[in-house]
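Novice: Sharing a structure below in structure tokens format, with a few things to ask.
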Amino acid sequence: MKIRIERILAGICAFLAVADVSAAEQKIKVTATVTMVIDLVKQVGGDRVELQGLMGPGVDPHLYKATASDVIKLQQADVIFYSGLLLEGKIQDLFAKMARTKKHVYPVTEAIPLERLLEPPEFAGHYDPHVWFEVPLWEMCVETVVKGLSEFDPKGKDYFEARGKETRAKMKELHEWALKKSAELPKERRILVTSHDAYNYFGRAYGFQVVGLQGISTVTEAGLADMAKLVDFIKQKKVKAIFVESSVPHNTIERISKDAGVKIGGELFSDAMGTPGQIEKGYDLGTYEGMVKHNLNTIVDALK
Ligand SMILES: [Zn+2]
């Protein structure tokens with residue numbers, strides 16, 4: 001009898017031990033929208049999160065509509081992160097709906113003070129959502145991810161804070177690098193012509209005059225009058241190169257390149273990063289760091 005009880009107790013202990021391990025290993029299910037936000041969550045969340053993304057490389061978030069499987073990914077998530085400022089214009093309502101349930105839903109850009117946001121007239125009363133190209137602004141967004149993960153998983157708070165600190169330090173270094181890289185171009189050469197207005201923050205941070213053909217969102221297409229104006233501008237300023245974007249069709253910029261007799265200096269990342277594991281000059285194009293470095297290297301080398 002005594003032996004049987006001991007066996008049963010041992011069995012219960014073993015079961016509890018297994019249960020305890022699986023509880024400790026249970027990761028937070030996180031769903032994030034665009035690649036920049038996915039990367040941010042990966043940096044801060046590390047091994048404690050199981051991450052699902054909605055949009056991959058080359059996907060335009062302004063036009064993106066949620067699929068049935070996206071809705072499932074959002075419903076299954078413990079925590080949801082999106083960029084915000086209407087970047088994900090067509091799925092914004094879905095986040096509001098999710099937030100009304102018990103779910104933890106965070107726009108990462110909520111950490112940026114409003115006075116640091118740009119509100120260009122062509123954005124019709126909205127803030128410009130493309131904040132990730134001013135590295136210190138994106139660095140502020142780390143805070144939202146640390147907060148969001150810690151609120152769901154208080155035991156992981158120290159872990160998330162330590163990783164958040166590391167991420168911010170890397171971004172500080174990246175910003176210093178970007179300042180130095182852009183300074184290789186004399187001020188009058190720093191003119192960036194692209195298809196849509198994704199680089200206003202980049203221009204402010206690194207001293208470029210930025211001219212976008214399509215305005216703040218890719219929803220509106222460029223008219224002929226805008227194209228003619230841009231051709232004149234390029235000729236008058238003797239701009240050496242203009243740029244296409246990975247998440248926007250290339251045809252209008254290609255046409256302007258022909259009409260203005262100016263070369264295309266390369267393809268920039270605007271609203272999506274590159275493919276993870278694709279290495280260029282020692283950095284991974286599928287990371288935030290790789291995205292920023294690729295853009296600046298491409299721009300500076302083409303305009304030199
Ligand atoms: Zn955009």
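No value in this document is a laboratory result; all are computed from the given coordinates. If you're wondering where the values come from, they're calculated on a predicted model, not measured in any experiment. Positions of Cβ are generated from backbone atoms using ideal geometry, with glycine treated the same way; all protein chains shown enter the neighbour counts.
Novice: When the helices in the chain are scored as -39500 (n - 2.57) per DSSP H run of 4 or longer and the sum is shared across all residues, what 222 nm value do you end up with, to the nearest 500 deg cm²/dmol?
Specialist: Estimated from H runs of four or more residues: -15500 deg cm²/dmol.
Novice: Another question, then. So what's the angle, to the nearest 10 degrees on a 0 to 90 scale, between helix 288-303 and the longest Cα principal axis of the chain?
Specialist: The angle comes out near 10 degrees.
Novice: Taking the alpha-carbon distance from residue 42 and a cut-off under 22 Å, which lysines remain once sequence neighbours fewer than 8 residues away in the same chain are dropped?
Specialist: 27, 29, 73, 103, 147, 155, 157, 165, 170, 172, 293
Novice: Take every Cα pair under 8 Å in region 55-142 that's 6+ residues apart, average their separations, divide by the length, and report that relative contact order as a whole percent. Before the final figure, lay out the partial values.
Specialist: Values: 87 pairs, mean separation 23.3, N = 88.
It comes to 26 percent, rounded to a whole number.
Novice: Follow-up. Name the residue, out of 241, 225, 96, whose mean-square fluctuation peaks in a Gaussian network model built on the chain with Cα pairs under 10 Å.
Specialist: Checking each option, the largest mean-square fluctuation is seen for 225.
Novice: Please compute the contact order of region 99-155 in relative form: average sequence separation of alpha-carbon pairs under 8 Å and at least six residues apart, divided by the residue count, as a percent.
Specialist: Values: 38 pairs, mean separation 24.1, N = 57.
Relative contact order of region 99-155: 42 percent.
Novice: I want to verify a result. In a Gaussian network model of the chain, Cα cutoff 10 Å, which of these has the top mean-square fluctuation: 196, 250, 294?
Specialist: Judging by the Gaussian network model, the answer is 250.
Novice: Give the angle, between 0 and 90 degrees and rounded to the nearest 10, that separates the Cα long axis of helix 157-182 from the longest principal axis of the Cα atoms of the chain.
Specialist: That helix lies at roughly 20 degrees to the long axis.
Novice: Next question. With θ set to phi - 60° and the Karplus curve 6.51 cos²θ - 1.76 cosθ + 1.60, what are the ³J(HN,Hα) couplings of region 189-202 in order, to the nearest whole Hz, using x for Gly and Pro?
Specialist: In residue order, the calculated couplings are 8, 7, 10, 10, 10, 9, 7, 10, 6, 9, 10, 5, 5, 4 Hz.
Novice: Can you find, among 76, 92, 112, the residue farthest towards the positive end of the dipole of region 62-113? Put +1 on the C-beta of Lys and Arg, -1 on that of Asp and Glu.
Specialist: 76
Novice: Size of the dipole of the chain about the Cα centre, Lys and Arg at +1 and Asp and Glu at -1 on the beta carbon, nothing else charged, in debye to 20?
Specialist: Result for the chain is approximately 360 debye, rounded to the nearest 20.
Novice: Right, next: Gaussian network model of the chain, Cα springs within a sub-10 Å range: biggest mean-square fluctuation belongs to which of 227, 291, 36?
Specialist: With Cα springs under 10 Å in the chain, the top fluctuation among 227, 291, 36 is at 227.
Novice: With an 8 Å Cα cut-off and a minimum separation of 6 or more residues, compute the relative contact order for the chain in percent.
Specialist: Dividing the mean separation by the residue count of the chain yields 17 percent.
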